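Read-outs throughout are calculated quantities, based only on the coordinates presented, and are distinct from any laboratory measurement. The structure displayed is predicted, hence computed values, not measured ones. Here the Cβ positions follow ideal geometry from the backbone for every residue, glycine too, while neighbour counts run over all protein chains shown.
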Amino acid sequence: MKLGVNIDHIATLRNARGDDFPSPVHAAFVVLEAGASNVTCHLREDRRHIKDDDVIIISKLTKRLNLEMSADEKIVKIALDVMPKSVTIVPERRQELTTEGGLDVAADIKRYESITGEFKFKFTDAAVSAFIEPDPRQIDAAAEAGFGFIEIHTGRYAGERTESGKYSELFKIKTAAEYARKIGLRVNAGHGLNYQNIYDIAMIGGFMEFNIGFSIISKSVFCGLETAVKEMLSIIKAAEFANCRNT
Ligand code: PXP
């Protein structure tokens, strides 16, 4: 199981002073050198953190950009031009602080089919993912729309405060991930994951990649980005090791 690090909030910090540091490009190299497999950036329609140039440069220099994006036509066009290593389609609302909930693929399968088709037409090995709830209806819709990957939204699990609530969300994620793999999808997970809650999710096993941003960038303020990434990786590896021993 791999780790993708979302570096949007390095850009938030840079933009706070309108200067050119801290640099998301520099951060991309630090997280990759620390052992992350990919760098994730969300090019939002309002460009509140990551800007077009960040995406172009990070994709070109690292070749390991996962571009998070809405299904907006203009953003799709940019993604087709940049062609990052992978794209993850997410819902986007202007006023939200961060992505809220998964994409409703089932509500408009044709629209998403046309987007996955555009990527596959231009790039035969395009990795296109849908960020969705752990819901079999959305999983079926994602497969029908031609997505090869899904990213399961773990935000509800992360936000649960009771043990029984957490267990019930974990169970939904586990069941959904197993079902998705059974019908041929590759499965990532992310949103709200942190140093306290990643272990139980990682113990489910079978995920290709976790996408984690806010907790890693926040920790890096105190201990540095390299250490923050390595600590997260060590928890994921510990779960992987425990899983191997149990099987
Ligand atoms: N995955 C997706 C699809 C997201 O939208 C985000 C937030 O940008 C993340 C993962 C990372 O979430 P967090 O910053 O809470 O770790």
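Figures for the structure shown
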item: Residue match in region 56-70 (condition: without any contact (Cβ under 8 Å) to a residue 40 or more places away in the chain, within 14 Å of the ligand (Cβ to nearest atom) and either small (Gly, Ala, Ser) or part of a helix (DSSP H, G or I) (or both)); result: yes
item: Test for Glu33: is it touching a Leu at 6+ places or on another chain (Cβ under 8 Å), of a type in the set (Asp, Glu) and closer than 24 Å to Glu231 by Cβ; result: no
item: Residue among Gly192, Gly213 that alone is farther than 19 Å from Ser86 by Cβ and within 8 Å of the ligand (Cβ to nearest atom); result: Gly192
item: From Ala141, Ala127, residue being aliphatic (A, V, I, L, M), in contact (Cβ under 8 Å) with a residue 40 or more places away in the chain and more than 13 Å from the ligand (Cβ to nearest atom); result: Ala127
item: Answer residue from region 74-91, given it is out of contact with any Asp or Glu (no Cβ under 6 Å at 6 or more places or on another chain) and assigned to a loop (DSSP other than H, G, I, E, B) and is farthest from the ligand (Cβ to nearest atom) among those; result: Met83
